[in-house]
Amino acid sequence: MRFIMVGGFLGAGKTTTIGRLASQFQQQGLNVGIVTNDQAADLVDTHTLRSQGFDVGEVAGACFCCNFNELTDTVGQLSEAHLPDIILAEPVGSCTDLVATVVQPLRHLHGDQYQVAPYGVILKPSHGFRILKKQQGGGFSPQAAYIFEKQLEEADFIILNRIDELSASEVSELEQLLHERHPDIPVVKTSAKTGEGFDDLLAAFQQEGEFGTRILELDYDIYAEGEAELGWLNSTLSISAAETFSLDETVMQLIEALRKSLGELGAETAHLKVIGIADGGHAVANLISSDSEPQLSLPSHAAIKAADLIINARVAIDPKILQTHVDQAVSGLAQSLAGQVHNQQTASFRPGRPVPTHRYQ
């Protein structure tokens, strides 16, 4: 199997990129399996990809590097059921050091099973500008920015995503910033939303040769502090109302309420995602930074009276405060619909210190 891992910071566009890659591989007649990853269960990305008809396994409870055996077990389960030619893997967006802890162990311990592709890391422009330019008040602490930069440093190639949202001068400026920092790492420009540049991206992942060798010099104390800065929340609930309501407007209303309330606290958003699931379809809304606008990334056009909602929030704030704001947003939504919330279950926490299963020097 060809194992393709697509890295990048929270909100970089990994899920959308993987979904488009999976579709293009399927059009070539290849079977594709996908593995998503999170620090907790109830991952919006998993539901989003499954709603598009893909075979998806999930590694929950820790990152790939700290849960390496579950990663290989999950791939094995996909292999038994669907015999994939391609495995697309999406690691947790706050993780780095993946060449030493995932790529190298796969090659050394499972080289008879996997042909590991070059490691591509997506640059998130909204935080990329601020972090690469060392701007004060860039949204995150130096420790979290350290993770962002280390992710780029270990890449075989960098994927400059969301070019459809950038001007030509902004694309050129980001390319120049990347060239100054990483002159020996190629850059592929893409839009996961429109598909622009995906022929070049496919070609990059299909390269053969000595890749996956950029072993980081990494300070795990700084790394752990950067991850722990983020409040992590996954919440599932059901909502119902006597009158019909729009599923698309519902997920956008939740995102907008959280954008506003968290913004008033000055809490930087790494990524907010809400998926609504109903008989009429699936709707997904995203917010990728505090200074961006919410986006309806997957519209359903569904008018319904009941839906299941999953909320994933990654915000630089105490997780207890984050949970309070999510609860308030859900309550406000129910009130606006004259509806009721059922079976809400929420996990909120800070990620623990990363302890890799394997680490190759």
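Looking at segment 187-240 only, could you name the residues that are within 28 Å of L272 (Cβ to Cβ), in a loop (DSSP other than H, G, I, E, B) and of a type in the set (G, A, S)?
Matches in segment 187-240: S191, A192, G195, G197.
Can you tell me which residue is surrounded by the fewest Cβ atoms within 10 Å (Cβ to Cβ) among those in segment 241-284 that are polar (S, T, N, Q) and either over 24 Å from the mean Cα position of the chain (by Cα) or not in a strand (DSSP E or B) (or both)?
Filtering segment 241-284 for residues that are polar (S, T, N, Q) and either over 24 Å from the mean Cα position of the chain (by Cα) or not in a strand (DSSP E or B) (or both), the one surrounded by the fewest Cβ atoms within 10 Å (Cβ to Cβ) comes out as T244.
Go over the candidates L174, L201 one by one and state the one that is closer than 24 Å to L106 by Cβ and buried (at least 20 other Cβ atoms within 10 Å of the Cβ).
L201
Quick check on V102: is it assigned to a helix (DSSP H, G or I) and closer than 29 Å to I222 by Cα?
Answer is yes for this residue.
Using the structure shown, decide if K134 is among the basic types (K, R), without any contact (Cβ under 8 Å) to a residue 40 or more places away in the chain and in a loop (DSSP other than H, G, I, E, B).
Criteria met by K134.
Any residue at all in segment 112-131 that is in the same structural domain as G7 (by TED's automatic domain parsing), among the small types (G, A, S) and over 25 Å from T190 (Cα atoms)?
Checked segment 112-131: no residue is in the same structural domain as G7 (by TED's automatic domain parsing), among the small types (G, A, S) and over 25 Å from T190 (Cα atoms).
Grab the helices (runs of 4 or more DSSP H) fully contained in segment 4-99, keeping just those with 3 or more residues being closer than 25 Å to E268 by Cβ.
Qualifying helices (runs of 4 or more DSSP H): 14-27, 44-51.
If you go through segment 4-17, how many residues are within 16 Å of F54 (Cα to Cα) and of a type in the set (A, V, I, L, M, F, W, C)?
Residues in segment 4-17 being within 16 Å of F54 (Cα to Cα) and of a type in the set (A, V, I, L, M, F, W, C): 1 in total.
When only residues in segment 78-131 that are charged (D, E, K, R) and crowded, with 21+ Cβ neighbours inside 10 Å count, which is farthest from the chain's Cα centre (by Cα)?
D97
Quick one: D308 ticks every box in (1) among the acidic types (D, E); (2) surrounded by 15 or more Cβ atoms within 10 Å (Cβ to Cβ); (3) part of a loop (DSSP other than H, G, I, E, B) except a single one, so which number is it?
Tallying (1) among the acidic types (D, E); (2) surrounded by 15 or more Cβ atoms within 10 Å (Cβ to Cβ); (3) part of a loop (DSSP other than H, G, I, E, B), D308 fails exactly one: (3).
Okay, residues lined up against (1) β-branched (V, I, T); (2) in the same structural domain as T244 (by TED's automatic domain parsing); (3) within 19 Å of K124 (Cα to Cα):
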{"position": "A270", "(1), (2), (3)": "no, yes, yes"}
{"position": "K273", "(1), (2), (3)": "no, yes, yes"}
{"position": "I277", "(1), (2), (3)": "yes, yes, no"}
{"position": "D327", "(1), (2), (3)": "no, yes, no"}
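Filter segment 139-157 down to the residues that are closer than 17 Å to D221 by Cβ, among the small types (G, A, S) and under 18 Å from the mean Cα position of the chain (by Cα) and list them by number.
A144, A145
Is there a residue in segment 31-39 that is surrounded by fewer than 18 Cβ atoms within 10 Å (Cβ to Cβ) and modelled with pLDDT of 95 or more?
Yes, the conditions are met somewhere in segment 31-39.
The values are calculated or read from the model by the stated rules, or taken from the named source; none is laboratory data. Please read these numbers as outputs of a predicted model, since none were measured by experiment. Positions of Cβ are backbone-derived with ideal geometry, glycine not excepted, and every protein chain shown enters the neighbour counts.
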